[in-house]
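Peer 1: For reference, the structure I am asking about is given below.
The values are calculated or read from the model by the stated rules, or taken from the named source; none is laboratory data. As the structure is a computational prediction, the values presented were derived from the model and not from experiment. Because the Cβ atoms are built from the backbone with ideal geometry, glycine has one as well, and the counts that use them run over all protein chains shown. Heavy atoms of the whole protein, side chains included, go into the accessibility calculation; ligands, DNA and RNA do not. Shrake-Rupley method; radii C 1.70, N 1.55, O 1.52, S 1.80 Å.
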Amino acid sequence: MIDIQSTIQQTLAETLVELYGPDATNLPTALQATRKEFEGSFTVVTFPYTRIAKAKPEAIGQQLGELLTERVEHISGFNVIKGFLNLVVSDAYWIDFMRGMYKDAQFGRQPAKEERVMVEFSSPNTNKPLHLGHIRNILLGWSTSQLLQAAGYDVVKVQIINDRGIAICKSMLAWKLFGNGETPESTNTKPDHFVGQYYVRFEAEYQKEYKAWQATPEGQAVYATKAKEGQSPEAFFKAYSKTGYFNTHSQLGAQAKDLLLRWEAGDQEVVDLWTKMNGWVYEGFEATYDRLGVDFDKLYYESQTYKLGKDMIDTGLQKEVFHTREDGSIYADLTDVKLSEKTLMRSDGTSIYITQDLGTARLRYDDFGAKRMVYVVADEQNHHFATLFELLKRLEEPYAEGLYHLSYGMVDLPDGKMKSREGTVVDADDLMAEVVNEARLASAERETTSDLTEDEREAIVEMIGLAALKFFIIKVGPSKRMVFNPKEAVDLQGQTGPYVQNAYVRTQAVWRKAGERSLDKLSKYTALETIEREIIQQMHEFPTLIQEAAENYDPSLMANYCYELAKNFHRFWHDHSILNAEEDGAADFRLALCQAVGNVLKTGMNLLGIDMPDRM
């Protein structure tokens, strides 16, 4: 079957050259969907043609409309509204299209492109459980990887686990000092939550120590000598807590730093403790990922990569891309691209975080050969990734032009930011349990699944609850900062995942009621209702939408597409009879339409990591 959109664009391009000569070769021929208040399927914007045509946009539209109607088989009419030429595509085309795709459960997926893309997401620290902020990262990374795969790419999903550093040592120290040998098993606590409690415990003990120190002669002397003129004790000590006190005076800080030094030196006792506590966290992470329906093709660990990149620094010095300061530190001058001077190696020869990232990028390329790498990281790291990508370009790495930072806005709660060390985060596990329980309550009220077994009902409840959570987060464009309101997230009405799921359930319910049916009268239906035409046009856009969402790394496009298709289907369901339709062939056609909508909704939502129940 012809692709009407491509045919119109090709004919339009040829017609423009015929009318206006070779200078019209590069004029834009992109089509827009016609606005609902006007008749038509596709719209050509004629304003860009006025200069070369030396005519008003309305006159250009009229001339092009007549020629395209004559030359493109399935254009049945047109209208011109100012500079917009609205083309009407015949019902015969839409009916033929729907008949050709309604059985195809893979409709929309693109053929293989033989190009590999790597997507890095999640990448948590091993001192605390996954939380709401991680959920947005994970859902963006997972759905982006699925969209890229559906667009034909060979996708590799990876994460780098931040399993070393002072934060991990804080949890280790707190367990040593206050744990009394307890374990996740002995306390019946999910393992990553167990370790996270000790990260919070360290902060609580640290603040107690710090508050007591402030009243000592030493603390008062520090305030007297270091405070800015007019700075209150409260303001000074609040600012001095993070680095000054921790690095210079704190006994807990000194013990945590000692653990880090001993770990780096390979002290067996410390390494054994680190291995045990990280093992607990990995066990907890795996359970959370499993419930979210997420997996990875390869895991990288900071403990194995933090020394990487030093050879790349040597290469940069040889190429005179990097330079050495008088104190021996190595840096790159990026001021010519409006970035700052970036230190890459300290004067004592130790590397910093970006040095590790340079080495990890090279390692991943050596492992998988992917020339496109997508980093899913919050927008707080925009400058870091701009710097990293510029450094890799200057080092002439073969994958440097294919790097992309999928920068997303942070997630706040209605009452402000979350703070892991203070225990004010919304844990991923608690959040999933909350939305699933809300779905359970709503399902009990409807009693539409009372004939199913308890296990079957619980599986449906799980799908509905996780759909509510995932859709709420994914429907927001990645670049936007968002406020997560648990009450809104668990609302099962409106622009929600369960609303879309319900549309799919209806497509399955009507087929259960229809039983075995051959649809042998499908071809007799020849005149579409307006809502049927709109639904078919929406499905016609699905392959293009997959490609657009993948290339823009924006799963929200798919979420909102699924919602709009579901909304139209609900309207169709309400306004038109299906099995009892009186028009000749209408029942068979509408059953086919239901099957097509069900396939598209299931594929689209699955690409977002959302399962679709047959009942709810």
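Peer 1: Which of the following residues is at negative phi, open to solvent by less than 60 Å² (accessible area, probe 1.4 Å), of a type in the set (S, T, N, Q) and at pLDDT below 90: Asn485, Asn502?
Peer 2: Asn485
Peer 1: Can you name the residue in region 118-144 that is surrounded by 24 or more Cβ atoms within 10 Å (Cβ to Cβ) and among the β-branched types (Val, Ile, Thr) and is also nearest to Val195 (Cα to Cα) among such residues?
Peer 2: Thr126
Table: residues versus (1) modelled with pLDDT of 95 or more; (2) open to solvent by 80 Å² or more (accessible area, probe 1.4 Å); (3) under 21 Å from Phe368 (Cα atoms).
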{"residue": "Val281", "(1), (2), (3)": "yes, no, no"}
{"residue": "Gly284", "(1), (2), (3)": "yes, no, no"}
{"residue": "Leu292", "(1), (2), (3)": "yes, no, no"}
{"residue": "Asp297", "(1), (2), (3)": "yes, yes, yes"}
{"residue": "Gln304", "(1), (2), (3)": "no, yes, yes"}
{"residue": "Leu308", "(1), (2), (3)": "no, no, yes"}
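Peer 1: Which members of region 1-16 meet the condition of being assigned to a helix (DSSP H, G or I) and farther than 14 Å from Ile60 by Cβ?
Peer 2: Listed by number, the residues that qualify are Ile4, Gln5, Ser6, Thr7, Ile8, Gln9, Gln10, Thr11, Ala13, Glu14.
Peer 1: Follow-up. Among the numbered conditions (1) surrounded by fewer than 17 Cβ atoms within 10 Å (Cβ to Cβ); (2) not in a loop (DSSP other than H, G, I, E, B), tell me where Gly181 comes up short.
Peer 2: Just one mismatch for Gly181, condition (2).
Peer 1: Test Tyr375 against the criterion of being touching an Asp or Glu at 6+ places or on another chain (Cβ under 6 Å), under 20 Å from Arg116 (Cβ atoms) and either of a type outside the set (Ser, Thr, Tyr) or touching a residue at least 60 places away in the same chain (Cβ under 8 Å) (or both), and give yes or no.
Peer 2: Taking the combined requirement at face value, the residue satisfies it.
Peer 1: Right, another one. So the check is Cβ under 6 Å with 6+ separation or different chains; which pairs have a first residue in region 4-19 that's closer than 12 Å to His74 by Cα and among the aromatic types (Phe, Trp, Tyr) and a second one that's at pLDDT below 95 and not in a helix (DSSP H, G or I)?
Peer 2: Pairs that qualify, where the first residue is closer than 12 Å to His74 by Cα and among the aromatic types (Phe, Trp, Tyr) and the partner is at pLDDT below 95 and not in a helix (DSSP H, G or I): there are none.
Peer 1: What residue, among those in region 318-349 that are in contact with a His (Cβ under 9 Å, 6 or more places away or on another chain) and surrounded by 15 or more Cβ atoms within 10 Å (Cβ to Cβ), is farthest from His384 (Cα to Cα)?
Peer 2: Selected residue: Ile330.
The rows are residues; the columns are (1) over 34 Å from the mean Cα position of the chain (by Cα); (2) at pLDDT 95 or above.
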{"position": "Lys242", "(1), (2)": "no, no"}
{"position": "His249", "(1), (2)": "yes, yes"}
{"position": "Glu264", "(1), (2)": "yes, no"}
{"position": "Asp267", "(1), (2)": "yes, yes"}
{"position": "Val270", "(1), (2)": "yes, yes"}
{"position": "Lys276", "(1), (2)": "no, yes"}
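Peer 1: Which of the residues spanning region 421-455 are open to solvent by 30 Å² or more (accessible area, probe 1.4 Å) and modelled with pLDDT under 80?
Peer 2: Scanning region 421-455 gives Arg421, Glu422, Gly423, Thr424, Val425, Ala444, Glu445, Arg446, Glu447, Thr448, Ser450.
Peer 1: Does region 570-614 hold any residues that are in a loop (DSSP other than H, G, I, E, B) and farther than 23 Å from Met463 by Cα, and which are they?
Peer 2: His576, Ser577, Ile578, Leu579, Asn580, Ala581, Glu582, Glu583, Asp584, Gly585
Peer 1: Hand me the list of helices (runs of 4 or more DSSP H) wholly inside region 201-269 holding 3 or more residues that are open to solvent by 80 Å² or more (accessible area, probe 1.4 Å).
Peer 2: 217-226, 251-264
Peer 1: So, in region 391-420, of the ones that are of a type in the set (A, V, I, L, M) and open to solvent by 30 Å² or more (accessible area, probe 1.4 Å), which residue ends up modelled with the lowest pLDDT? Give the steps one after another, and end with the answer.
Peer 2: Step one: filter region 391-420 for residues of a type in the set (A, V, I, L, M), giving 391-392, 395, 400, 403, 406, 410-411, 413, 418.
This time we only want the ones that are open to solvent by 30 Å² or more (accessible area, probe 1.4 Å), so: 410, 418.
Values: Met410: 86, Met418: 43.
Applying the filter and picking the extreme gives Met418.
Peer 1: Could you grab me the full set of residues in region 27-80 that are among the small types (Gly, Ala, Ser) and in contact (Cβ under 8 Å) with a residue 40 or more places away in the chain? Please lay out each step first, then the result.
Peer 2: The first filter runs over region 27-80 and keeps only residues among the small types (Gly, Ala, Ser), leaving 30, 33, 40-41, 53, 55, 59, 61, 65, 76-77.
Scanning region 27-80 gives Ala33, Gly40, Ser41.
Peer 1: Look through region 354-367, keep the residues that are open to solvent by 50 Å² or more (accessible area, probe 1.4 Å) and touching a residue at least 24 places away in the same chain (Cβ under 8 Å), and return whichever of them is farthest from Phe296 (Cα to Cα).
Peer 2: Arg362
Peer 1: Between a residue in region 547-575 that is at pLDDT 95 or above and any residue that is among the polar types (S, T, N, Q) and part of a loop (DSSP other than H, G, I, E, B), which pairs come within a Cβ distance under 6 Å, given they are 6 or more apart or on different chains?
Peer 2: Tyr563/Gln495
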